[in-house]
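Before any comments, here is the structure.
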Amino acid sequence: MANIKVKFFTTKPGRGGSERYFWEPSPTLRKLGWRGERLPADLAQAIERAREINRQVEAWRKGEDPTRPAPAAAQQPGTMADLIHRYKQSSRYRTKAPATRKGYDWCLNAIQAWGSKVPAAMDGLAPIASITAPRVQRWYEEMHATKPGTANAVLRVMRLLFTFARRNGDITTNPAAAPGLITPAKSGRIWTDAEVDLLVATADAMAMHSIGDAIELAFWLGQRPTDIRRLRWDQYKAGVFAVTQSKTNARVTIPESPRLLARLEAARQRQQDTKVVSTTMVVCEATKRPYTEYHFSHTFAEIRAKAAEELPSLKGLQFKHLRHTAVTRLAEAGCTIAEISRITGHSLKTAESILEHYLVRTDDMAATAVAKRLAREQKA
């Protein structure tokens, strides 16, 4: 492999002659609380993640990131910094997908920044015993007044953090166990067939067929954006997709559709014609590599802006809404919660509450429900 000049980027041999990628901080950084990280298996994504961590280190050195957890030396037992440090070393954190940990990190940093300001703080670090339910509630309501979505996300992570603390004997009660989250009004959004068709056609016209491929895959499979970007050819056999979801490790199997089959055959032929060497289905035409999250979102936005010149409703669409769309279409087709959960990857125990987030109620569902009632009454 060519010499990669990214600070702290290292490689180690894997199985079968493969290579594994890591971000390994210097001994000095380790003493200050920085920990090594296993990077994504894809080289381009590994490099991008290493650069992102290096940017975080630089911001920390310049004092631009005051919310970053305190160095290990300052993590006194009983403090918020110590609790967060131990939580991040636990399997409850480490087994989560990288994208999930990234979101948790942001929330944990916000929690520590707030904790350092409570009246009973010690040397700038809050003893967790001084965090009470009324304090948590007041902070939540203050956040919710300006950033309701952020407030709910932070409090959910805080609840997990203090559950970890209670189970490890740090506290006897969880002050964030029942913060009374204020659920925002549901604002679901699904793609229409016209929007799907136009955006795919626009991507093809702009010679960015890979984005069209991703849209078609997400429209039919209903998987998260990360799993669509990382979908490999070896996960598609005999007309069936076998996906192990990156966030939950749930394994789902989904048969193809005729429309998707034609799209995949064309995608495979394009990759062969352009001599693309990649195990993934969605490959950037410019780099001939899988997309990073940043690159994909910006390319998608560029195509959406062009298509919106013809169909303005596209301006508010997000790629993640394709998952909402797939769930809604399944419900419109009369699928049960159990059947839908086999596509989304949720367990039956949590399917109904989680699908509340994804399912968009439509007029077709109301019409179907009334038709079923009329049919039953007529039969009676």
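The values are calculated or read from the model by the stated rules, or taken from the named source; none is laboratory data. Here the structure is a predicted model, which means the values were calculated and not measured. Note that each Cβ is placed from the backbone with ideal geometry, even for glycine, and that neighbours are counted across all protein chains shown.
Assorted remarks:
- Thr150 meets each of the listed conditions (1) among the polar types (S, T, N, Q); (2) buried (at least 18 other Cβ atoms within 10 Å of the Cβ); (3) under 29 Å from Arg230 (Cβ atoms) apart from (2).
- Where Lys31 falls short, out of the listed (1) loosely packed, with under 14 Cβ neighbours inside 10 Å; (2) at pLDDT 80 or above; (3) of a type in the set (D, E, K, R): (2)
- Any hit, segment 297-310, residues being touching a strand residue (DSSP E or B) at 6+ places or on another chain (Cβ under 8 Å), modelled with pLDDT of 90 or more and surrounded by 12 or more Cβ atoms within 10 Å (Cβ to Cβ): no
- Enumerated helices (runs of 4 or more DSSP H) restricted to segment 90-200, each holding at least 1 residues that are at pLDDT below 85, within 14 Å of Met80 (Cβ to Cβ) and not assigned by TED's automatic domain parsing to the domain that holds Glu302: 98-115
- You will find that of Arg323, Arg329, the residue that is basic (Lys, Arg) and within 30 Å of Leu39 (Cβ to Cβ) is Arg323 and no other.
- For segment 261-277, the count of residues that are among the β-branched types (Val, Ile, Thr), under 25 Å from Arg329 (Cα atoms) and assigned by TED's automatic domain parsing to the domain that holds Ile343 is zero.
- Residue list for segment 224-258, filter: small (Gly, Ala, Ser) and touching a helix residue (DSSP H, G or I) at 6+ places or on another chain (Cβ under 6 Å): Ala242, Ser246, Ser257
- Candidate set from segment 209-249 (those that are touching a residue at least 60 places away in the same chain (Cβ under 8 Å), part of a loop (DSSP other than H, G, I, E, B) and buried (at least 20 other Cβ atoms within 10 Å of the Cβ)); member that is nearest to the chain's Cα centre (by Cα): Arg224
- When segment 8-46 is filtered for residues that are in contact (Cβ under 8 Å) with a residue 12 or more places away in the chain and in a strand (DSSP E or B), the ones remaining, listed by number, are Phe9, Thr10, Glu19, Arg20, Tyr21, Phe22, Trp23, Glu37, Arg38.
- Restricting attention to segment 250-278, the residues that are part of a helix (DSSP H, G or I), closer than 28 Å to Val327 by Cβ and without any contact (Cβ under 8 Å) to a residue 24 or more places away in the chain total 4.
- Total residues in segment 260-275, condition at pLDDT below 90 and on the phi < 0 side of the Ramachandran plot: 1
- Going through (1) under 16 Å from Thr202 (Cβ atoms); (2) in a loop (DSSP other than H, G, I, E, B) one by one, Lys288 falls short only on (1).
- Residue check, Leu317 of a type outside the set (Phe, Trp, Tyr) and surrounded by 20 or more Cβ atoms within 10 Å (Cβ to Cβ): yes
- Qualifying residues in segment 41-59 (those that are more than 22 Å from Cys284 (Cβ to Cβ) and crowded, with 19+ Cβ neighbours inside 10 Å) - the one modelled with the highest pLDDT: Ile53
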